[in-house]
Structure formats: C-alpha cells, structure tokens
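Below: the structure, in structure tokens.
The values are calculated or read from the model by the stated rules, or taken from the named source; none is laboratory data. What you are looking at is a predicted structure, and each value in this text was computed from that prediction instead of being measured. Note: ideal-geometry Cβ built from the backbone for every residue, glycine included; neighbour counts use all protein chains shown.
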Ligand SMILES: Cc1cc2nc3c(=O)[nH]c(=O)nc-3n(C[C@H](O)[C@H](O)[C@H](O)COP(=O)(O)O)c2cc1C
C-alpha cells in the first residue's frame, strides 16, 4: 500500500468483530506512535491501551454510543500541557497539535495493519478523569477504539482540491 492508498483505506470504523487483536499488530502501532514528531521534540503525551475489564467498560461508558461497545481495545490518548511547547509570541500551547499528530500515526498504523479504528473526541472528559485511570498532569484528548473491522470500505466525502489548496 502506498501512502495515498493508506489515506483512502483509513476510515472511521464503527463496527468491529469479536476477534482478538494480534499482539504484534498492537506492538507495531505502539512503535509508530512513539516515532511521531512533536514541537521541540517535547513528546507531551502518554497512551493507555485498555483491553481488560473493568477498565474497558469504564472507558466505554464515557462515550454514550452503542457501537463502541463492540471494540476489543480502546487507546486513551492523553496530552500534558505543562510538558508541551508554548510559542512565546502569542502563548499558544501546542499540546493539541502534538497529540493530534501522534493520534493520526496511531490510526494510520492501525489501518495499515488491517485494523479498524476511529477518532473519538465527543466523550465525557470529567467522567474519564474520575475513573482514576488518568495519570497526574495528563488530560485525555482522544479515544481510539481498535479492532478487526466488520464494516465495508466507503468512498471519501471531501471538499474539492481547489477549495482546499490556494
Ligand atoms: C478530531 C476528531 C474528532 C472526532 N470525533 C468523533 C467522535 O467523537 N465520534 C465519531 O463517531 N467520530 C469522530 N470523528 C470521526 C469523523 O467523524 C470522521 O473522521 C470524518 O467524518 C471523516 O470520515 P472518515 O474518518 O471515515 O474518513 C472524529 C474525527 C476527528 C478528526
């Protein structure tokens, strides 16, 4: 698969099979996340791979959609704003930029390995913080369910290229 083919293959997967996710695929994804770039190489992130009860149910309960119940693995992507680089001219903290890059590494690596995945930001942050799973200093930014996909490839709906460029 070349990079454009991977971009087309990655899609938001909201249907998963019950099959377990091979450990070597998860290890591959972890390494691809570790290699992500970040501002001033601060790497202001941490990731929790949740695949056991009761933590799995606790995390899924923070996102009130039935489809996420099928996912055998959830990755909690967390940012640390104290560790992240802040631009001096306007005080802009880059933790969100950094965590987004690493999270997309995660999603693209999972897709390359034939695993379904989906960005999920519309979850209850306070509820997740209250589980006690989130280490001190970190804020959960994205949940990424991972599993063998049970959906079908879909065409991309995107703006035309001349609206995106220039
Ligand atoms: C920052 C971000 C947050 C998202 N949050 C959610 C979410 O909470 N729930 C969900 O089902 N999809 C979520 N998505 C998936 C988008 O809806 C999806 O990427 C978009 O519709 C394009 O479809 P595709 O991923 O299949 O190409 C999110 C995507 C991004 C990039």
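Among the residues of region 127-146, count how many are over 20 Å from residue 102 (Cβ atoms) and within 16 Å of the ligand (Cβ to nearest atom).
Within region 127-146, residues that are over 20 Å from residue 102 (Cβ atoms) and within 16 Å of the ligand (Cβ to nearest atom) number 1.
Which of (1) touching a helix residue (DSSP H, G or I) at 6+ places or on another chain (Cβ under 7 Å); (2) more than 17 Å from residue 57 (Cα to Cα); (3) more than 10 Å from the ligand (Cβ to nearest atom) is the odd one out, the single condition residue 117 does not satisfy?
Condition not satisfied by residue 117: (3).
Picking from 152, 104, which residue would you name as being surrounded by fewer than 18 Cβ atoms within 10 Å (Cβ to Cβ) and under 19 Å from the mean Cα position of the chain (by Cα)?
Testing whether each residue is surrounded by fewer than 18 Cβ atoms within 10 Å (Cβ to Cβ) and under 19 Å from the mean Cα position of the chain (by Cα) leaves just 104.
Every residue, every condition in (1) within 14 Å of the ligand (Cβ to nearest atom); (2) buried (at least 16 other Cβ atoms within 10 Å of the Cβ); (3) in contact (Cβ under 8 Å) with a residue 60 or more places away in the chain, yes or no:
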residue	(1), (2), (3)
23	no, no, no
39	no, yes, no
43	no, yes, no
48	no, yes, yes
62	yes, yes, yes
71	yes, yes, yes
86	no, no, no
89	no, no, no
94	no, yes, no
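Consider residue 18 against the criteria (1) within 16 Å of the ligand (Cβ to nearest atom); (2) at pLDDT below 95: it satisfies all of them except one. Which criterion is unmet?
Only one criterion is unmet by residue 18, namely (1).
Residue 139 is checked against (1) in contact (Cβ under 8 Å) with a residue 24 or more places away in the chain; (2) surrounded by 17 or more Cβ atoms within 10 Å (Cβ to Cβ) and fails just one. What number does that condition carry?
Failed condition: (2).
Quick one: is residue 158 within 12 Å of the ligand (Cβ to nearest atom), loosely packed, with under 13 Cβ neighbours inside 10 Å and without any contact (Cβ under 8 Å) to a residue 40 or more places away in the chain?
Taking the combined requirement at face value, the residue satisfies it.
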